[in-house]
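Written out below as structure tokens is the structure these notes cover.
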Amino acid sequence: MKNKLNVRRKLVIVAAVAVLLIALLAWRALTAEDPGTPAESSVSALTVNLVTAETQSWPRQLQASGALTAWQEVIVSPETGGLRIAKLLVDVGDSVRRGQLMAELADDTVRAELRKQEALAAQASASLAQASTNRQRAQSVDVAGALAPQKMDEYLTNEATALASLASAKADVESARLKFAHTRIVAADDGVVSSKSAILGNVVNTGAELFRLVRQGRVEWRAELDSRQLAGVRAGQIARVVLPSGSSVEGKVRLVSPTLSTATGRGIAYISLPSGEGVQPGLFASGTIELEAKPAFTLPQSAVVLRDGRTYVYVVDSVNKVASRLVTTARRQGDRIEILSGLDATARVVASGGAFLSEGAPVTVASVPTTAVQKVGAQ
């Protein structure tokens, strides 16, 4: 009897467990089919603004580096030699004007030479006057052939010789005056003194360098480029140079080298720079040259997400769900970035906050772009 009761109890328990399992499975099935349950809720994860890519005209930029040098240099040297430097009136860094006195040479011997030549010229002038008087007297008494022809020729020759001697003496005077003027060393053009080798009291030789000037204070950047880069550079293009101090200056291409170095295979683009603080010959700087403008397919930089070394944007489909797109980027300008591939012009792109989104996440659209611009370079 006890065995029968135990068997019945076990059967009741098994039946109860089976009923509970069936009920649980039925509840789960009903829950999965219920569109209002949180498991399949369509509540959005984030509210976003949308943009579409725009085509803009951007100048291409060419990176380069090179030295800052003087546009032209002026060598200041004496045109006479064997004289001592008596005065030095300028120093390195001074600005000078054309014709400004920079140094003086001792002129005692030159003054004495000038006085001597002036005295010789006066003597030659007196000799000419005497010869002319003698010739005139001879001509006045030779009305009837009283003088021999040879004597008359002698008077004429003496006068001509005296005239030539006077001309030679005057030339010597001019030479002495010129030498005296050359004792004053003046600037050949406006500029800034970049070096000084003159020493007070030193006896100089003709043509010895005393000063060196940066002509008109103009400095240029000589950007070194290879043949492919050089082909796109033209006179008049804008260049921006970053100085070692961190400041930048804007210049303009003055000249493009017509030849390449046989040693390096590179050429030079000469960029004129404005004079100012920090623009000094001898510095080495880097910068960019703006080439001809080219269309750029651009987005705001905030729309681009960098993840795992790759660049993505997030697009929103017709049911407001997001999907990532791998894109290739290039130039940057201001707050925009160029997209080379991976995006078409009609795509609605999340303007910012893409880093907080996941694949397939629903979003609420706060604003929709009004226009779509023609695709350039997109795939």
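The figures follow:
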{"quantity": "Residue-by-residue Karplus 3J(HN,Hα) for region 51-65, coefficients 6.51, -1.76, 1.60, Hz, glycine and proline x", "calculated": "9, 10, 5, 10, 9, 10, 8, 10, x, 6, 10, 10, 7, 7, 9"}
{"quantity": "Convex hull of region 159-297 built on C-alpha atoms - directionally averaged projected area, nm²", "calculated": "16.1 nm²"}
{"quantity": "Sequence-distant aspartates and glutamates (8 or more away, or on other chains) whose Cα lies within less than 19 Å of LYS179", "calculated": "GLU79, GLU104, ASP107, ASP108, GLU113, GLU118, GLU209"}
{"quantity": "Linear extension gain, THR109 paired with LEU340, 0.36 nm per residue minus alpha-carbon span", "calculated": "75.3 nm"}
{"quantity": "Relative frequency of Cα-Cα separations exceeding 24 Å in region 225-379, percent", "calculated": "53 percent"}
{"quantity": "Whole-number D in µm² s⁻¹ for region 122-224, Kirkwood Cα-pair radius fed into Stokes-Einstein, 20 °C, 1.002 mPa s", "calculated": "112 µm²/s"}
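Coordinate-derived values only; no laboratory data. Here the structure is a predicted model, which is why all the values come from computation and not from measurement.
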